[in-house]
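> Mind having a look at this structure? Questions to follow.
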Amino acid sequence: MLTTERHQAILNLLQDKQTITLQDIIDRTNASESTIRRDLSSLENDGELTRIHGGATLTERKLKEYSITEKSAKNIHEKKAIAEYVASFVNDRDCIFLDAGTTTMQLIPFLREKDVVIVTNGLTHLEALMENGIQAYLTGGMIKSKTGALIGPQAIQSLENYRFDKCFLGVNGYHTLYGYTTPDPEEAHIKYTASTLAKETYVLADHSKYNQVSFAKICNLADAALVTSNLHREEIQLLSERTDVTEVST
């Protein structure tokens, strides 16, 4: 197989799996490990991927942020499965913070039959909350048009008036070393503040967020339980050494 063909095969694998091992590439290309390592170095230098221990992952620009429309279309089946599973954690009379985001939004229909109160900074959540008859409070703050989130000092001040039984957060990436991250420092501050006001904090993030690192750190892995989907056994093992992690298979 020519070098250009191997490179394309590696990129195709990454598009399918987001994170791949050396063995995945060897199986696909029948090339030697030393050849694959050179290929990965070349592709990393070109900005096509990020090398990790034992393999590679897709490179995501640390400051890049997708719109609600773009995010909503990605991995929707996994997001719904995660949300349905997480709903089982919620008890009647719980007070909940529900972060702005497309995975957390999927949780709302599964809370319809529960007697809960929700505080959110997500403008996109409002219609679903009303349709499902859930008592809800909206934080103040500046509207971020890209994500429909309320951010800034007024949002923080609003949050500090509440205490939560559970906090549900979305993230752009989770990483064993760098923790939970998101592109916008102001959104990171909202997420972190809400987590400190809750008895229990859960991060809802599908497999595509694994080993991704964005610009602004929210908190360490150990500061929130992780509910994710469709990871390899070795990846779950690495994560479980740093936090409580649940994998939802889809």
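> With a cut-off of at least 3 residues that are buried (at least 22 other Cβ atoms within 10 Å of the Cβ), name the strands (runs of 3 or more DSSP E) lying wholly within the stretch 192-250.
Values: elements: 198-204, 216-219, 225-229, 245-248.
It comes to 198-204, 225-229.
> Output the residues belonging to the stretch 37-54 that are over 21 Å from Asn75 (Cβ atoms) and either free of Cβ contacts under 8 Å to residues at least 24 places away in the same chain or touching a strand residue (DSSP E or B) at 6+ places or on another chain (Cβ under 6 Å) (or both).
To start, the set of residues in the stretch 37-54 that are over 21 Å from Asn75 (Cβ atoms) comprises 37-48, 51, 53-54.
Correct list: Arg37, Arg38, Leu40, Ser41, Leu43, Glu44, Asn45, Asp46, Gly47, Arg51, His53, Gly54.
> Which residues, counting only those in the stretch 148-185, are at pLDDT below 95 and in a helix (DSSP H, G or I)?
Once the filter is applied, which keeps residues that are at pLDDT below 95 and in a helix (DSSP H, G or I), the stretch 148-185 yields only Pro185.
> Restricting to the stretch 21-70, name every residue that is modelled with pLDDT of 90 or more and either outside any helix (DSSP H, G or I) or assigned by TED's automatic domain parsing to the domain that holds Ala188 (or both).
Of everything in the stretch 21-70, those that are modelled with pLDDT of 90 or more and either outside any helix (DSSP H, G or I) or assigned by TED's automatic domain parsing to the domain that holds Ala188 (or both) turn out to be Thr21, Asn30, Ala31, Ser32.
> Right, next: Please enumerate the residues belonging to the stretch 120-147 that are among the small types (Gly, Ala, Ser), modelled with pLDDT of 95 or more and exposed (fewer than 14 other Cβ atoms within 10 Å of the Cβ).
Gly133
The values are calculated or read from the model by the stated rules, or taken from the named source; none is laboratory data. Only a predicted model underlies this, so the values are computations on that prediction, with no experimental measurement involved. Glycine also receives a Cβ, built like all others from the backbone with ideal geometry; neighbour counts cover every protein chain displayed.
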